[in-house]
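*Asks:* A single structure is presented below for examination.
Just so you know, all these numbers are worked out from the coordinates, no wet-lab data involved. If you're wondering where the values come from, they're calculated on a predicted model, not measured in any experiment. When we count neighbours, we look across all protein chains shown, and the Cβ atoms used for this are built from the backbone with ideal geometry, even at glycine.
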Amino acid sequence: MAGTAATRNRFSLVKFLREVRSEMRKVTWLNRDELKTYTWVVIFIVAIVAVFIGAADWVFAKLLGALGILGV
C-alpha cells in the first residue's frame, strides 16, 4: 500500500509542463500600447519614489549632522 501512495504523489515533469502550457493559454496578455503605457507608469513612479527617498536621506543627514550625531 505504501508503494502506491508514493507512486501516486510522484512528481511528473511532463504533466507539470502540460499544465503550465494549459494555464498560460488562459492568460490575457497586454498589447503593445498597454505594455508601453504601463512601463512608463512604472518608470515614473520609481523615479518619484527615488527622489523622495533621496530627499528624505538628505534631510535626515543634515539634521543628524546639525545635532552632531552624524559627521557630515
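*Asks:* Principal axis lengths of segment 2-66 from Cα atoms, whole Å, largest first?
*Replies:* 72, 40, 11
*Asks:* Related question: Kindly state, to the nearest 0.05, the FRET efficiency for V41 paired with V20, given R0 = 30 Å and r defined as their beta-carbon distance.
*Replies:* My answer for the efficiency is 0.55.
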